[in-house]
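Reviewing the structure listed below.
Just so it is clear, none of the values below were taken in a lab; they were calculated from the coordinates. For clarity, every value in this text was computed on a predicted model and none was experimentally measured. With ideal geometry, Cβ positions are generated from the backbone for all residues, glycine too; neighbour counts draw on all protein chains shown.
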Amino acid sequence: GGSPAASGVGVGAGAWLAVGDLAFAGVDELWRVPLDPERGNPVVRLSGKGVPGGDVLPGDVQVSPDGRRVVYRADHAVDEQVELWSVPLDASAAPVRLNALLQPDEDVAPAAFGIDATSRRVVFAVE
């Protein structure tokens, strides 16, 4: 493996979200990373442990308007089958799958999901 790589987006409150292989080479996971690690705030894995080879897809991560949850696409449950997941930004609970079970040839479409202004609903497309 190579060295760890990550891409990220700021989420306010002194942190940013990173998608990268920070723990396991070749497995991209979702992380909350403090802007100032010297203040004692740890790096936190948000995406949990998926199936071997399962990855969070960089670029398909959104923070809810209320700033409490992160919605992202990943192949956590079945390698190479991309689904939609949600996790609290504070990591207080495990990620939950938002879509119903998919057929083997289906995925949640890339860049085709959105969180409504109330942060209560997510719309998405399956292809």
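For the range 9-121, the convex hull spanned by the alpha carbon atoms encloses 101 Å³ per residue. Note on the range 20-72: Cα-only Rg and Dmax are 12.2, 33 Å.
Please report the net charge: other residues with Cβ closer than 9 Å to the Cβ of Pro110, K and R +1, D and E -1. Cβ neighbours under 9 Å give a net charge of -2.
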